[in-house]
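Peer 1: Can you keep this structure in mind? I'll have questions shortly.
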Amino acid sequence: MKKLGERGVSAVEFALLLPVLVLIIFGIVEFGLIIYDKAVITNASREVARAGITQGANITNIKTDVVNKYKNNLITFGSDKLGDNANDIIVKIDSNNDGNFENATCSDFTLPFGYPLQVTVSYNYNFLVLAPIMGLFGGSWNSTFPLAAITTMRCE
């Protein structure tokens, strides 16, 4: 049996814990979106690399096709899209097979069998809830989170 002075205690406890629970839920959702976006850009880098290692591939057209295919699949809360930045997809080749990758500047290239091609896809995820909430508590947190996927494949 409750005493007269204990009425509403559970409502006060719930009001105190609700912000923490909401923060945890939004954190789970946002980090889930980061993991999803990482999987999307990893798939994009694999697709560019796979198309690039085939003999006579036009890397400029491949990059354009991949950007058009994947830019709408990313989930973010900012205005950034894949392909907005010139360095979103960087294709490098090891033309001497010595471990030093150079930027692939030519539109058509053919490398000998076994020479590596490296594709880097980078993207900035924009937070919706977590960065502004950190600002409320006096902390500072960058509102963007850089994601990158690097794929290296050998020419066939």
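Peer 1: Cβ-Cβ below 9 Å, separation at least six or inter-chain, first residue in the range 80-97 and at positive phi and surrounded by fewer than 15 Cβ atoms within 10 Å (Cβ to Cβ), second at pLDDT 70 or above and outside any loop (DSSP other than H, G, I, E, B): which pairs?
Peer 2: As it stands, the answer is Asn97/Pro116, since those pairs meet every condition given.
Peer 1: For the subset of the range 81-128 comprising residues that are part of a strand (DSSP E or B) and charged (D, E, K, R), which member is modelled with the lowest pLDDT?
Peer 2: If we take residues in the range 81-128 being part of a strand (DSSP E or B) and charged (D, E, K, R), then Asp108 is modelled with the lowest pLDDT.
Peer 1: Return the only residue of Ile62, Ile35 being modelled with pLDDT of 85 or more and in a helix (DSSP H, G or I).
Peer 2: Ile35
Peer 1: Could you tell me which residue of the range 38-59 is surrounded by the fewest Cβ atoms within 10 Å (Cβ to Cβ), considering only residues that are not in a helix (DSSP H, G or I) and not hydroxyl-bearing (Ser, Thr, Tyr)?
Peer 2: That would be Gly56.
Peer 1: Additional query: Quick one: count up the residues across the range 52-77 that are free of Cβ contacts under 8 Å to residues at least 12 places away in the same chain and of a type in the set (A, V, I, L, M, F, W, C).
Peer 2: Within the range 52-77, residues that are free of Cβ contacts under 8 Å to residues at least 12 places away in the same chain and of a type in the set (A, V, I, L, M, F, W, C) number 0.
The values are calculated or read from the model by the stated rules, or taken from the named source; none is laboratory data. Small disclaimer: the values here were computed from a predicted structure and weren't measured. Glycine also receives a Cβ, built like all others from the backbone with ideal geometry; neighbour counts cover every protein chain displayed.
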